[in-house]
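The structure appears below as structure tokens.
The values are calculated or read from the model by the stated rules, or taken from the named source; none is laboratory data. Because the structure is predicted, anything quoted here is derived from the model rather than measured. Because the Cβ atoms are built from the backbone with ideal geometry, glycine has one as well, and the counts that use them run over all protein chains shown.
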């Protein structure tokens, strides 16, 4: 049996007296797409931030094999940098001095359809293209785990389909993906789903087996 890409054991999180997560357990296999559903404020973003190392759990443990790429719900790249400059900056944070990085960045730009925009200031892009750049920046250092917080929210259906094609490709290459979404129809793209309620993670909507 392969080593899980992500292992979460008994993770709880409190903010003062407010219990956001209560003993969450889950394992994600390499290449698996796990969709996490739940109402606003149920703890989905909190769990992703714990997995990304941005905040610590109150109790419990998290183990990630390799490194993770993280795309927050709010666009967080540098608006005044070009698309290529953003990708280069974030990739070099993970792989400083790597002589192969230039070729990998070029490949990601082509794969994500960003060639016409590589020199354009990121802040001038539409919301859908910004989200594409954000995911590209999270993948260009070749993480073993990709964490996505509602990245398909607010973009048109065609852009959502394009984004899922990209995520399916990443899954097939072995990247484990954990994402949050409000769109229950997106469960068809996932291998498994979960639903967060009252701090507990239970079964989510029916999946389509992770097809692209």
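I'm checking my understanding of the structure. Among residues of the stretch 182-203 that are assigned to a loop (DSSP other than H, G, I, E, B) and modelled with pLDDT of 90 or more, which one is surrounded by the most Cβ atoms within 10 Å (Cβ to Cβ)? Break it down stepwise before answering.
Taking the stretch 182-203 as the starting set, the residues that turn out to be assigned to a loop (DSSP other than H, G, I, E, B) are 182-183, 190-191, 198-199.
Then drop every residue that is not modelled with pLDDT of 90 or more, which leaves 190-191, 198-199.
Details: 190: 28, 191: 19, 198: 12, 199: 18.
By that ranking, first place goes to 190.
Tally up the residues in the stretch 7-25 that are touching a helix residue (DSSP H, G or I) at 6+ places or on another chain (Cβ under 9 Å) and surrounded by 14 or more Cβ atoms within 10 Å (Cβ to Cβ), please. Break it down stepwise before answering.
Keep residues of the stretch 7-25 that are touching a helix residue (DSSP H, G or I) at 6+ places or on another chain (Cβ under 9 Å), which gives 8, 11, 13, 15, 20-21, 24.
Restricting the remaining residues to those that are surrounded by 14 or more Cβ atoms within 10 Å (Cβ to Cβ) gives 8, 11, 13, 20-21, 24.
Of the residues in that region, 6 qualify.
Determine if the stretch 191-201 includes at least one residue that is closer than 20 Å to residue 68 by Cα and not assigned by TED's automatic domain parsing to the domain that holds residue 21.
no
Only residues that are within 19 Å of residue 45 (Cβ to Cβ) and part of a strand (DSSP E or B): list them for the stretch 60-109, please.
First, the residues of the stretch 60-109 that are within 19 Å of residue 45 (Cβ to Cβ): 60, 62, 64, 68-77.
If the condition is that a residue be within 19 Å of residue 45 (Cβ to Cβ) and part of a strand (DSSP E or B), then 60, 62, 64, 68, 69, 70, 71 are the ones that fit.
Among 149, 162, which is the only one that is without any contact (Cβ under 8 Å) to a residue 60 or more places away in the chain and either touching a strand residue (DSSP E or B) at 6+ places or on another chain (Cβ under 9 Å) or in the same structural domain as residue 41 (by TED's automatic domain parsing) (or both)? Spell out how you get there, then give the answer.
Values: 149 fails: without any contact (Cβ under 8 Å) to a residue 60 or more places away in the chain.
Matching residue, one of 149, 162: 162.
Assigned to a loop (DSSP other than H, G, I, E, B) and at positive phi: does that describe residue 119? Break it down into steps so the answer makes sense when it comes.
On the way: assigned to a loop (DSSP other than H, G, I, E, B): yes; at positive phi: no.
Judged against the criteria, residue 119 is not a match.
The rows are residues; the columns are (1) surrounded by fewer than 18 Cβ atoms within 10 Å (Cβ to Cβ); (2) closer than 25 Å to residue 209 by Cα; (3) in contact with a helix residue (DSSP H, G or I) (Cβ under 6 Å, 6 or more places away or on another chain).
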| residue | (1), (2), (3) |
| --- | --- |
| 51 | no, yes, no |
| 71 | no, yes, yes |
| 86 | no, no, yes |
| 97 | yes, no, no |
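Considering each residue of the stretch 24-45, count those that are over 21 Å from residue 189 (Cα atoms) and modelled with pLDDT of 95 or more, and give that number.
Taking the stretch 24-45 first, the residues over 21 Å from residue 189 (Cα atoms) are 24-25, 40-43.
Still in the running and modelled with pLDDT of 95 or more: 24-25.
Residues in the stretch 24-45 being over 21 Å from residue 189 (Cα atoms) and modelled with pLDDT of 95 or more: 2 in total.
Please determine whether any residue of the stretch 116-128 is under 17 Å from the mean Cα position of the chain (by Cα), at pLDDT 90 or above and surrounded by 15 or more Cβ atoms within 10 Å (Cβ to Cβ).
Scanning the stretch 116-128 turns up no residue that is under 17 Å from the mean Cα position of the chain (by Cα), at pLDDT 90 or above and surrounded by 15 or more Cβ atoms within 10 Å (Cβ to Cβ).
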